[in-house]
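One structure, as structure tokens, below. Some questions next.
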Amino acid sequence: MIEIVSANRCIECDICVKVCPADVFDRTDGIPVIARQDDCQTCYLCEIYCPTDALYVAEQADGPTGISEAEVQDRGLFGIYARALGWKRGKPAGSQFDPTHRIRVAQV
Ligand code: SF4
Ligand code: SF4
């Protein structure tokens, strides 16, 4: 379930608002807010698409875990699912050279 939108990392691009299939986020004049957390499907799309690793989606789908942003930061959990899929630089086996990430830009 979506847990955190980091104000320190977010660049207010609203990509997460656009890609979320469950309309969990609301736009604001600043960073998006988690307006309907209970509707989250734990699909990780927002985390994968976020260009700055500003979102954290916990694997627990039954309800909020109450994890803090500080703990997510300290444990290196921001963007961890996306990195595991090879969407970010630093992934071994050359995935950083995979051009298919450009599909993301075309889709939003
Ligand atoms: S995990 Fe999926 S359903 Fe939940 S907020 Fe992100 S995009 Fe929306
Ligand atoms: S996709 Fe990431 S950077 Fe863009 S608005 Fe959402 S949380 Fe902020």
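Any residue at all in region 21-43 that's touching a helix residue (DSSP H, G or I) at 6+ places or on another chain (Cβ under 7 Å) and polar (S, T, N, Q)?
Taking every residue of region 21-43 in turn, none turns out to be touching a helix residue (DSSP H, G or I) at 6+ places or on another chain (Cβ under 7 Å) and polar (S, T, N, Q).
Residues are listed down the side, and each one gets a yes or a no for (1) closer than 23 Å to Ala70 by Cα; (2) within 6 Å of ligand 2 (Cβ to nearest atom); (3) hydrophobic (A, V, I, L, M, F, W, C):
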| site | (1), (2), (3) |
| --- | --- |
| Asn8 | yes, no, no |
| Cys16 | yes, yes, yes |
| Asp23 | no, no, no |
| Pro32 | yes, yes, no |
| Gln41 | no, no, no |
| Cys50 | yes, yes, yes |
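Could you check, for region 51-73, whether at least one of its residues is over 19 Å from Arg83 (Cα atoms), aromatic (Phe, Trp, Tyr) and not in a loop (DSSP other than H, G, I, E, B)?
No: region 51-73 contains no residue that is over 19 Å from Arg83 (Cα atoms), aromatic (Phe, Trp, Tyr) and not in a loop (DSSP other than H, G, I, E, B).
Do you know which residues across region 21-51 are at pLDDT 95 or above and of a type in the set (D, E, K, R)?
The answer is Asp23, Asp26, Arg27, Asp29, Arg36, Asp38, Asp39.
Of everything in region 32-59, what is in contact with an Asp or Glu (Cβ under 6 Å, 6 or more places away or on another chain) and of a type in the set (A, V, I, L, M)? Give them in sequence order.
Val33, Ala35, Leu55, Val57, Ala58
Moving on. Just to be sure I understand, how many residues within region 64-89 are modelled with pLDDT of 90 or more and within 13 Å of ligand 1 (Cβ to nearest atom)?
Adding up the residues that qualify gives 1.
While we're on this one: Can you tell me how many residues within region 1-59 are among the charged types (D, E, K, R), near ligand 1 (Cβ under 10 Å from one of its atoms) and closer than 18 Å to Val72 by Cα?
2
To continue, here is another question. Out of the residues in region 10-20 that are out of contact with any helix residue (DSSP H, G or I) (no Cβ under 8 Å at 6 or more places or on another chain) and aliphatic (A, V, I, L, M), which is modelled with the lowest pLDDT?
Going through the qualifying residues, I end up with Ile11.
When both residues are 6+ apart or on different chains and their Cβ atoms are under 7 Å apart, which pairs have a first residue that lies in region 12-41 and is in contact (Cβ under 8 Å) with a residue 40 or more places away in the chain, and a second that is within 7 Å of ligand 1 (Cβ to nearest atom)?
Hits for this filter: Val19/Leu45; Val19/Cys46.
Taking region 1-34 on its own, how many of its residues are part of a strand (DSSP E or B) and not hydrophobic (A, V, I, L, M, F, W, C)?
Residues that pass the stated criteria total 2.
The values are calculated or read from the model by the stated rules, or taken from the named source; none is laboratory data. What you are looking at is a predicted structure, and each value in this text was computed from that prediction instead of being measured. Note: ideal-geometry Cβ built from the backbone for every residue, glycine included; neighbour counts use all protein chains shown.
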